[in-house]
Amino acid sequence: MANSEQSIHDIVCIRCHQKCHIRAVVEKGKVVKILDAECIKGRTIPDVMYHPDRVLYPLKRAGKRGECKWKRISWDEAITTIANELMEMKEKYGPEALHIKSGSGQKHIGNMALGMANKLFNTPNCHSGSYLCTVPTILGDGLTLGDGLVYENNQDYEHAKCIVFWGADPDPRIPRQAKIAREAISKGTKLIVVDPRPTTMAKRADIWLRIRPGTDAALLLAMLKVIINEGLYDKEFTSKYCMGFDKLKEHVQQYSPEWAAGITWLKEDDIVRAARMYATNGPATLYARLGVAAQQINATQTDRLLDALIGVSGYVDIPGGNLLWKRTFDDAIFQSALHFRGNIKCTAEVEMKRIGAKEYPLMNKGARCDMPLTFKAIEEGKIRALWCVCTNLIVEEPNSRETARLMRDKLDFIFVSDYFMTPTAELADIVLPPAHYAEIDFTSSAFGYPSNYVTASRKVVEPQGECKDDREAVIEIAKKMGVDIAPWETVINFENWKLRYVGVTFDEVWNMPQHRVVFPREFRRYERSNPPFNTPSGKYELYSPTAESLGVEALPIFKEPPESPVRTPELFKEFHLIYVHNTTVNYQHTEGRQIERQRRLAPDPYLEINPETASKLGISNGDWVHLDIPKTKDKHHLTYRAKFVPELDPRVVSGAHGWWFPEKPGAEHGAFDSNINALLSSGPPHDPLVGVPQCRAILCRVWKAESQKGKGDKKNGKRN
Amino acid sequence: MAKEIKSKIDSLLKMPAEELRANLPLAIDETRQYGLSKAIEEMPDMLSKIIGRIIEIDSAKFLSESPETTEKFMDFIWEFVGTASEKFDELKPAFEKASNLKTGRLSVNFDSADSPFKCYFRIRNGKLEGGVGLLRFKDQDVRLLGYTSQLLKILTGDLDMGKLVLEWHPGLRYIVRPVMLGVATIVNGKRVETVPGEFALG
């Protein structure tokens, strides 16, 4: 790297899931510009790296938790303190008393650090937060076919004749793939969108099913009935590779489009049209995300119905269909971040002590503890220490206030790794400064078709201040604890270990064209596998005896959300709106609120609301409004800025996700002001396979805030 | 087989735990003295029967109460399997494939949560050998974690490895599964096939 002149370097942006390949312009040892970025998150990489508030040195708490008093310490003191605390905790309570939590921040670096720590610190109580995210689809897909199928790295938009976005808003979430989808659509590919919100894609869809939140299973059952009864299903695939097709066929007869229309707020004709369009315009590719198969107590079972739709239509692992992303990396035996996290374990004796192992055996098999039970364990003193890496736990988890209380009052020791002093970092005893991904070496597995390569990304500048790769921090702590760290003596050794079965090293991958090693892109691999699918029967299990043995229906059914116009009509009279989340391309979850260029584009937490609904409530566009839910009635409420969305169902509102306010004082930094998690409980009911509570499709009410202070202030994201 | 050895093994299978614990080491020594290869030829299912008996009488307790016996037993298991594996030509392709991993070997650790039953086997250059204790993580490809009875049932082919907690890369399944079936075949002295039973989780 040249310090004295501008140079341009390839890197992989891992600020979100997309892993775009971009270029960094470096001048005098600093990243001054980003080229080829798809979104503001990529363009503002330098803004994050050189932000005046970035944590550059290890910090130790100098007052009580939450007093926001810190003193700078050396890495040696930080590592020694952490190691001593963990060893003492291990001695008194066992290594399982440590909970490690990662998230989406610094995509995959945090998850890899978590996985390394899972092993080296020998605690089974680890979670990457994904029970609120991908895990229902991972487990649902796992039960059906033993691989992933509907997550955002499984689609082939380019070759599809029909695209379905189901509970998924690709433009903010996966902008690069959204672009490919748009190109396909412009050339005649059909588009079906199932979403209560008028997303960008919904507005250009051939069929937009503006569905009542939480009723997707009903729609899926009815669509399956249409496809099966009209003979539109793939007869060869179902007869040769599916288990339980006849059972499924019998099962769906009770779920007519007319029945589904009554439940979903949709028109019967539209349901039938969508089913026919999907089944007869193949190959079709379907992307399902948080709106349908996450954050709800029927999420895993709903995902299985998505799998059934794809399977009976014959769109599995074919060009233009839903590809088996994980299979490609399985066959190459490459240890991607997704493989790594779930397949690294503690010693056998300790592994059996995972919180939630008995209640959620599938989660246990994937090395995930249960979060609601973990909070209970903290309360009971069974979890004594916490490491948060790349996660803003308080903002991210339901029951934010309770999470904060537990952190503040119940834990013996907390250490947090984060770029900034988030509400979570403010309650730590030690804060570690992570290096930015432009400052470290890592490999990244491809995302989005053809999804068959691994890229080496080299650091383009030295870490700022004393920032350090989170993985390196894990290694140093483990060394201090006297743990056998082989073969992960260094971060590069760790990367080489991931590549060991591929037979190349990190340096060799870096020296390959485009810095990538490419694996074969194959299709219909079930035709050449023995068994075809990685399930107990070896088949694509439309009917799952495993699900049944775990206490859920072998054939999924529809269940009303816990609170809904149908299940709780009396409650609906007062809490007469249904809440869902929305996301913006400007932020990745809870991060970015202190980055001026990002904040300028999305300065406030918006609540999307239909103008007619707003008018009845005396709310004007741009007004500050409050929102509460039945459980927090008259006790706590949230504050949003109303944003009129005429095409939104008048009975639905949609709140911005992940908000906190770096500029607000105190340890909380406004974490409870505009974040639905501050109202939600992590208590029952839960999805029976994943343990996630109901976090969307929630009844709520909205009213105009008394104070409209700052309503007109839009400059530079400054708020009162 | 010398009648005495066979009779000794047969009576082992009827002994209660205390007696079995006392007599197993002797039986192992006598079998070795007789000649393991010969013994395997004459009683190919010897090991599966002994394991079966240990499972019957509470394997975790049995193996926990006498660590020396357990160590000797584990040593015997892998000596038996290594020796017997030479007689099964049909397993050679699976072992070759395992040896052809870019790491040059396939190493499998058995890690019990409730007893000192911790051992390993390794396939290199098409040959299987094993031993007592766990290989270091850096030398391991697969670790099977479970209760003692589960791990023993894996050896006899009475439990599919997918039912266990696994530390590995799932991409190894097409290599490991045939090898595990091969080990069960060797332990039983006859072909073992089990129903695929694992599911992949991310």
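Here, each number is a calculation from the coordinates, and none is a lab measurement. Note that this is a predicted model, so its numbers are computed, not measured. Because the Cβ atoms are built from the backbone with ideal geometry, glycine has one as well, and the counts that use them run over all protein chains shown.
Based on the Cβ-Cβ distance of B:D58 and A:R524, what FRET efficiency does E = 1/(1 + (r/R0)^6) give at R0 = 45 Å, to the nearest 0.05?
Working from the Cβ atoms, E equals 0.40.
Starting with the highest mean, order A:470-478, A:543-551 by the number of other Cβ atoms within 10 Å, averaged over the residues of each peptide.
For the peptides A:470-478, A:543-551, the packing ranking is A:470-478, A:543-551.
Along its principal axes, what span do the Cα atoms of the range B:85-152 show, with the longest given first and each in whole Å?
Taking max minus min along each principal axis of the Cα atoms, the range B:85-152 gives 34, 27, 15 Å.
In what sequence, highest mean first, do A:685-697, A:282-294 appear when ranked by Cβ atoms within 10 angstrom?
Ranked from most to least packed, the peptides come out as A:282-294, A:685-697.
I'd like to compare A:517-528, A:425-436, A:578-589: which one has the highest average count of other Cβ atoms within 10 Å, and what's the full order after that? Walk me through the intermediate numbers first.
Numbers: A:517-528: 15.4, A:425-436: 25.4, A:578-589: 21.3.
Going from most to least packed, we get A:425-436, A:578-589, A:517-528.
Between A:S615 and B:E4, with labels modelled 7 Å along Cα→Cβ, what's the label distance in nm to one decimal, could you check?
The two pseudo-label positions are separated by 10.4 nm.
Taking the range A:28-101, which trypsin sites (Lys or Arg not before Pro) meet the DSSP loop condition and have no more than 16 other C-beta atoms within 10 Å?
Within the range A:28-101, the qualifying trypsin sites (Lys or Arg not before Pro) (loop, at most 16 other Cβ atoms within 10 Å) are A:K28, A:K64, A:K69.
Within 10 Å of each Cβ in peptide B:136-143, how many partner chain Cβ atoms are there on average? Round it to a whole number, please.
Counting Cβ atoms of other protein chains within 10 Å of each residue's Cβ and averaging gives 4.
What nm distance separates the two modelled labels at A:K479 and A:T568, each placed 7 Å from Cα along Cα→Cβ?
5.4
Using the Cα gyration tensor of the range A:262-317, with a ≥ b ≥ c the square roots of its eigenvalues, what is the shape: rounded (a/c below 1.5), prolate (a/b larger than b/c) or oblate (neither)?
Oblate, because a/c is 1.5 or more while a/b does not exceed b/c.
Given a Förster distance of 25 Å, report the FRET efficiency between A:E359 and A:Q253 from their Cβ-Cβ distance, rounded to the nearest 0.05.
0.15
Could you tell me the relative contact order of the range A:607-711? Use alpha-carbon pairs under 8 Å, at least six residues apart, and round to a whole percent. Please report the intermediate quantities before stating the final value.
Details: 172 pairs, mean separation 36.7, N = 105.
Relative contact order comes out at 35 percent.
How many percent of DSSP beta bridges within chain A run antiparallel, rounded to 5?
50
If each of A:R600 and A:H626 carries a label point 7 Å out from its Cα toward its Cβ, how far apart are those two points in nm?
Each label point is offset 7 Å from its Cα along the Cβ direction, giving 3.4 nm.
Select from B:G182, B:G171, B:G157 the residue whose mean-square fluctuation is largest in a Gaussian network model of chain B (Cα-Cα springs shorter than 10 Å).
Judging by the Gaussian network model, the answer is B:G171.
How many percent of DSSP beta bridges within the range A:382-520 run antiparallel, rounded to 5?
45
By the scheme Lys and Arg +1, Asp and Glu -1, what is the net charge of all other residues having a beta-carbon under 15 Å from that of A:E183?
Combined, the nearby Lys, Arg, Asp and Glu give +3.
Between beta-carbons, use under 10 Å as the cut-off and find the net charge around A:V194, counting Lys and Arg +1, Asp and Glu -1.
So the environment of A:V194 carries a net charge of -1.
Taking the Cα centre of the range A:130-174 as origin, sum charge times position over the Cβ atoms of Lys and Arg (+1) and Asp and Glu (-1), and report the length of that vector in debye to the nearest 20.
Dipole about the Cα centre, nearest 20: 100 debye.
With Cβ to Cβ distances under 12 Å as the rule, what net charge do the other residues near A:D36 carry (K, R +1; D, E -1)?
Values: positive: A:R23, A:K33, A:R43, A:R176; negative: A:D10, A:E38.
With Lys, Arg at +1 and Asp, Glu at -1, the net is +2.
Please arrange A:M512, A:M407 by how many other C-beta atoms lie within 10 Å of their C-beta, fewest to most.
A:M512, A:M407
Farthest toward the dipole's positive end in the protein assembly as shown, which of A:M49, A:M512, A:F334, given Cβ charges of +1 (Lys, Arg) and -1 (Asp, Glu) about the Cα centre?
Selected residue: A:M49.
Can you compute the charge dipole magnitude of the range A:602-720 about its Cα centre, using +1 on each Lys and Arg Cβ and -1 on each Asp and Glu Cβ, nothing else charged? Give it in debye, rounded to the nearest 20.
Computed charge dipole of the range A:602-720: roughly 280 debye.
Which one of A:P561, A:Y526, A:G356 has its Cα pushed farthest toward the positive end of the charge dipole of the protein assembly as shown, where Lys and Arg give +1 and Asp and Glu give -1 at the Cβ?
Sorting the options by dipole projection puts first A:P561.
Can you compute the FRET efficiency between A:E647 and A:K92 using 1/(1 + (r/R0)^6), with r the Cβ-Cβ distance and R0 = 60 Å? Round to the nearest 0.05.
Calculated transfer efficiency: 0.55.
Would you list, by chain and number, the lysines whose Cα falls below 25 Å from the Cα of A:K187, excluding same-chain residues fewer than 8 positions away?
Answer for A:K187, where 25 Å is the Cα cut-off: A:K161, A:K179, A:K203, listed by chain and number.
Take peptide A:481-490, look around each residue's Cβ out to 10 angstrom, count Cβ atoms belonging to other protein chains, and average those counts.
Working: counts 0, 0, 0, 3, 2, 4, 5, 2, 1, 0.
Mean inter-chain Cβ contacts per residue within 10 Å come to 2.
DSSP beta bridges in the range A:593-720, what fraction antiparallel, as a percent rounded to 5?
75
Identify all aspartates and glutamates with a Cα-Cα distance to A:K60 below 15 Å; exclude those on the same chain that are fewer than 8 residues away in sequence.
Of all the aspartates and glutamates, those that pass the test against A:K60 - Cα under 15 Å, at least 8 places apart if same chain - are A:D76, A:E77, A:E85, A:D412, A:D418, A:E426, A:D429, A:E466.
Quick one: P(r) of the protein assembly as shown from all Cα-Cα pairs, 20 Å bins, percents rounded to integers, in order of increasing distance.
Histogram of Cα-Cα distances, whole percents per bin: 14, 45, 33, 8, 1.
How shielded is A:340-351 by partner chains, expressed as the average number of their Cβ atoms within 10 Å of its Cβ atoms?
Average per residue, whole number: 6.
Give the relative contact order (percent, whole number) for chain A; include only Cα pairs under 8 Å separated by 6+ residues.
19
Could you give the length gained by full extension between A:M512 and A:R204, i.e. 0.36 nm per residue of separation minus their alpha carbon distance, to one decimal place?
Fully extending the segment from A:M512 to A:R204 adds 106.8 nm.
Going by a ≥ b ≥ c, the root eigenvalues of the Cα gyration tensor, does the range B:1-126 fall in the rounded group (a/c under 1.5), the prolate group (a/b larger than b/c) or the oblate group?
Oblate, because a/c is 1.5 or more while a/b does not exceed b/c.
Give me the dipole magnitude in Debye, nearest 20, for the protein assembly as shown about the Cα centre, with unit charges on the beta carbon: positive for Lys and Arg, negative for Asp and Glu.
The dipole magnitude comes to about 1940 debye.
Given B:L26, B:G146, A:V460, which one lies farthest toward the positive end of the charge dipole of the protein assembly as shown, if we put +1 on the Cβ of every Lys and Arg and -1 on the Cβ of every Asp and Glu?
Ranked along the dipole, the leading option is A:V460.
Please say if the range A:175-274 is rounded, prolate or oblate, where rounded means a/c under 1.5 for a ≥ b ≥ c the square roots of the C-alpha gyration tensor eigenvalues, and otherwise the choice is prolate for a/b larger than b/c and oblate otherwise?
Details: a/c = 2.39, a/b = 1.36, b/c = 1.75.
Oblate.
Hey, what did the range B:1-106 get for relative contact order, percent, Cα under 8 Å, at least 6 apart?
It comes to 29 percent, rounded to a whole number.
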